[in-house]
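S.K.: Questions regarding the structure given below will be posed in turn.
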Amino acid sequence: MIECKNISKIYLGDSPALENISFKIEDKEFVSIIGASGAGKSTLIKILHAEEKPTSGEALFDGEDIVEYKKKQIFQHRRDVGVVFQDFKLLPKKSVFENVAFAMEVAGKTDEEIAEDVPKVLEIIGLEGSEEKYPHELSGGEQQRVAIARALVNRPKVLIADEPTGNLDPESGWGVLESLIKINEYGTTVILATHDREAIDKLDRRVIVLKDGKIVSDKKKGKYELEEK
Ligand SMILES: Nc1ncnc2c1ncn2[C@@H]1O[C@H](COP(=O)(O)OP(=O)(O)OP(=O)(O)O)[C@@H](O)[C@H]1O
Ligand SMILES: [Mg+2]
């Protein structure tokens, strides 16, 4: 479970990017975070991924404060929490299989584990049969799904996606969203930050709305509404 308690973040000399944010995310939830540009979505994600420290407040992951993590725990945390960004970068000279396998190699997995798990994950995201292709031979949506596979292959408890459909046409974006839904159905918590109105309305799940660093709405079946109603 993730629990944020009174999180504020002030970047040096600036007005708060996040102000007194509190919420809980249960295991296996699918939660979207929406809000205008600059509302604080990426800042919140960076705190949850232990890339930024809040100025004040607690960010609890399974009861432990991410803010207090030592180096080794941060390392483990980044395995528990996978992230996918809008400007994902695949390794251009590696095939689809090798790109995903590389994430496992870095995590110290054996060749046997890699040979077993990479095809499974590629099937989940609908890219079975594309193992030998190179990134430049894939569409943007397919590349983004490889990035998701890469985040998924080490079996994180939580997958966070920051604008994963941002650069994609609606159809490719929908493919990415379907992959996230499937991953969630397999039991991974998914947190999605997005400007994608269609995605939110199709999802029909929990939506947290940020405005100027504050939560202005948190609904179980939210629509794409940036203002409080
Ligand atoms: N590294 C940084 N240093 C200083 N200010 C920052 C930094 N990162 C973000 N900010 C500021 O914090 C605020 C929130 O930014 P953030 O990137 O979290 O917004 P966002 O909701 O993700 O926006 P977008 O939809 O454009 O991605 C903005 O005012 C931004 O300028
Ligand atoms: Mg952002």
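S.K.: Convert each backbone phi in region 105-118 into a coupling constant with the Karplus relation 6.51 cos²θ - 1.76 cosθ + 1.60 (shift: θ = phi - 60°), then list the ³J(HN,Hα) values in order as whole Hz, x for Gly and Pro.
M.R.: So the Karplus estimates, Gly and Pro as x, are 4, 4, 7, x, 7, 7, 4, 5, 4, 5, 4, 7, 7, 4 Hz.
S.K.: Here is a follow-up. Can you give the angle from 0 to 90° between the axis of helix 140-152 and the longest principal axis of the chain, with both taken from C-alpha atoms, to the nearest 10?
M.R.: Approximately 80 degrees, to the nearest 10.
S.K.: Using Cβ counts within 10 Å as a stand-in for footprinting exposure, how do 95, 139 rank, fewest first?
M.R.: Arranged by neighbour count, lowest to highest, 95, 139 become 139, 95.
S.K.: Going by C-beta contacts inside 10 Å, put 104, 1 in order with the fewest on the left.
M.R.: 1, 104
S.K.: As a footprinting exposure proxy, order 55, 194 by other Cβ within 10 Å, with the fewest listed first.
M.R.: Fewest-to-most ranking of 55, 194: 55, 194.
S.K.: In addition: Taking the Cα atoms of the chain alone, what are Rg (to one decimal) and Dmax (as a whole number) in Å?
M.R.: Over the chain's Cα set, Rg and Dmax evaluate to 17.4, 53 Å.
S.K.: Based on alpha-carbon centroids, what's the gap between region 188-207 and region 97-115 in Å, whole number please?
M.R.: Taking the Cα centre of region 97-115 as reference, the centre of region 188-207 is 30 Å away.
S.K.: A follow-up question, please. Can you flag which of 46/219; 133/182; 71/133; 120/220 are past 27 Å Cα-Cα?
M.R.: 71/133; 120/220
S.K.: Once both labels are modelled 7 Å past Cα along the beta-carbon direction, what's the residue 227-residue 60 spacing in nm?
M.R.: The answer from the label model is 3.6 nm.
No lab work stands behind these numbers, since they all come straight from the coordinates. Bear in mind the structure is a predicted one, so any value in this text is a computation, not a measurement. Counting neighbours? That spans all protein chains shown, and the Cβs are built from the backbone with ideal geometry, glycine included.
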